[in-house]
Amino acid sequence: MARIVLFGATGFTGGLTAEALARRGARPLLAGRDQARLTALAGSLAGSLGGDVPIAVADVGRPESVRALVAPGDVLISTVGPFARWGEAAVAAATEAGAVYLDSTGEPTFIKRIFQRYGPAAAARGAALITAFGYDYVPGNLAAALALRKAGADAVRVDVGYFVGGDMARRASAGTRASMLGMLLEPMYGFREGRIVPEHGRTRRFLVDGRPRHGLSIGATEHFTLPPVHAGLREVNVYLGWLGGLTKAAGVLARATPVIAALPGARRVTEALADRVLRTGTGTPAPAAGVSSRIVAEAYDARGRRLSAVHLSGGDPYEFTAGMLAWAATTALAEGVRGTGALGPVDAFGLDALTRGCAAAGMTVREPA
């Protein structure tokens, strides 16, 4: 019978996702490199599920072990990052099996690879690849789709901003920090004049909860997922607003990224730093108390006039990611998804269902202040 496979189950996000799946009554196959940690996690879930939870040892260094996890009709969740370095084995396994694939990445390079390289092969094999299915970047897809629906046919541009409150620096996991280091020298992108284009350090200001917040442009799924379903859309911008007063300085640095990345050894340095973070960051991140999230989407017409705005409000990004992965996996297993190839959240599940799924995971629509 078809099943849910959670690859990377013993990591921080993987563990939260395993718990979220168990709360939904799902009994996933827990997979990862460390059999002892898998056994411990399975034991912690067995009581709430009323029976044993299966485990399997698999490692991206042995791609055949990852392929052995997945069969046709399965749903594979991957939380194995940094994805640009280690994510390909799970994508290939799901594609080959004709399975549904979900991941927790927020890495622009990997996202772009999913849509431009892996998507066509997945469509040919009947697989569905739904990348970045968490705080990165489900809420922006939802908010933007709702804003564009409100705006109507005159909308030609949509801007999305992601903002957090509370001490996210202490909450961030070692995997997140390693992924961000890996992203430092990677090229960003936007969507302009109907195509994906390079992006370097664009910033803008949003009004969030009645006060100005600044964001730095970042490559995301919205650039690929929104234009195909909104024929008049010519521009998509996504901004990350985690840096506060440092946003403008970060924009200046981002504009210098192509020059820095071309320096001999620059990428090796960032990879070495990321590896060090992963080796030393074994502790549990700080509790989520006080951490909140806000997402803003604004639609504009060809004259730059704002037509609509949608704000979302939620809590801890990690808990939201785990909840959404669990919701998507159980929904896909029970009902399937809408299409094959590389899909966006709205493509895969429909706007109304996605709205309900986000609400169940703690992200709700609210009126702009």
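Going through (1) hydrophobic (A, V, I, L, M, F, W, C); (2) closer than 24 Å to residue 134 by Cα; (3) open to solvent by 40 Å² or more (accessible area, probe 1.4 Å); (4) at pLDDT 85 or above one by one, residue 243 falls short only on (4).
Quick grid of which residues meet (1) more than 17 Å from the chain's Cα centre (by Cα); (2) more than 29 Å from residue 355 (Cα to Cα):
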{"residue": "42", "(1), (2)": "yes, yes"}
{"residue": "57", "(1), (2)": "yes, yes"}
{"residue": "107", "(1), (2)": "no, no"}
{"residue": "112", "(1), (2)": "no, no"}
{"residue": "122", "(1), (2)": "yes, no"}
{"residue": "131", "(1), (2)": "no, no"}
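Within the stretch 1-42, the set of residues being under 19 Å from residue 74 (Cα atoms) and part of a loop (DSSP other than H, G, I, E, B) comprises 1, 2, 3, 8, 9, 24, 25, 26, 27, 28. A count restricted to the stretch 43-67 and to residues that are touching a residue at least 24 places away in the same chain (Cβ under 8 Å) and outside any helix (DSSP H, G or I) stands at 9. Just for helices (runs of 4 or more DSSP H) wholly inside the stretch 86-137: which have at least 3 residues that are in contact (Cβ under 8 Å) with a residue 40 or more places away in the chain? The qualifying helices (runs of 4 or more DSSP H) are 108-113, 119-125.
Among the residues of the stretch 314-345, the ones that are open to solvent by 40 Å² or more (accessible area, probe 1.4 Å), in a helix (DSSP H, G or I) and in contact with a helix residue (DSSP H, G or I) (Cβ under 8 Å, 6 or more places away or on another chain) come to 1 in all. Note on the stretch 199-228: residues that are open to solvent by 40 Å² or more (accessible area, probe 1.4 Å), of a type outside the set (Lys, Arg), out of contact with any Lys or Arg (no Cβ under 6 Å at 6 or more places or on another chain) and at pLDDT 90 or above amount to 2. One residue alone among 9, 42, 84 is modelled with pLDDT of 95 or more and touching a helix residue (DSSP H, G or I) at 6+ places or on another chain (Cβ under 8 Å), and that residue is 9. Flag not set for residue 249, criterion: assigned to a loop (DSSP other than H, G, I, E, B), modelled with pLDDT under 90 and out of contact with any Gly (no Cβ under 8 Å at 6 or more places or on another chain). Scanning the stretch 124-144 for residues that are aliphatic (A, V, I, L, M) and open to solvent by 10 Å² or more (accessible area, probe 1.4 Å) returns a single hit, 124. Residues that are in contact with a Lys or Arg (Cβ under 8 Å, 6 or more places away or on another chain), surrounded by fewer than 23 Cβ atoms within 10 Å (Cβ to Cβ) and farther than 19 Å from residue 9 by Cα within the stretch 69-123 comprise 96, 97, 98, listed in sequence order.
The values are calculated or read from the model by the stated rules, or taken from the named source; none is laboratory data. Since we're looking at a predicted model, the values are computed, not measured. Note that we place each Cβ from the backbone using ideal geometry, even for glycine, and neighbour counts take in every protein chain shown. Each accessible area value is taken on the protein alone, full model and side chains, heavy atoms only, with ligands, DNA and RNA left out. Shrake-Rupley method; radii C 1.70, N 1.55, O 1.52, S 1.80 Å.
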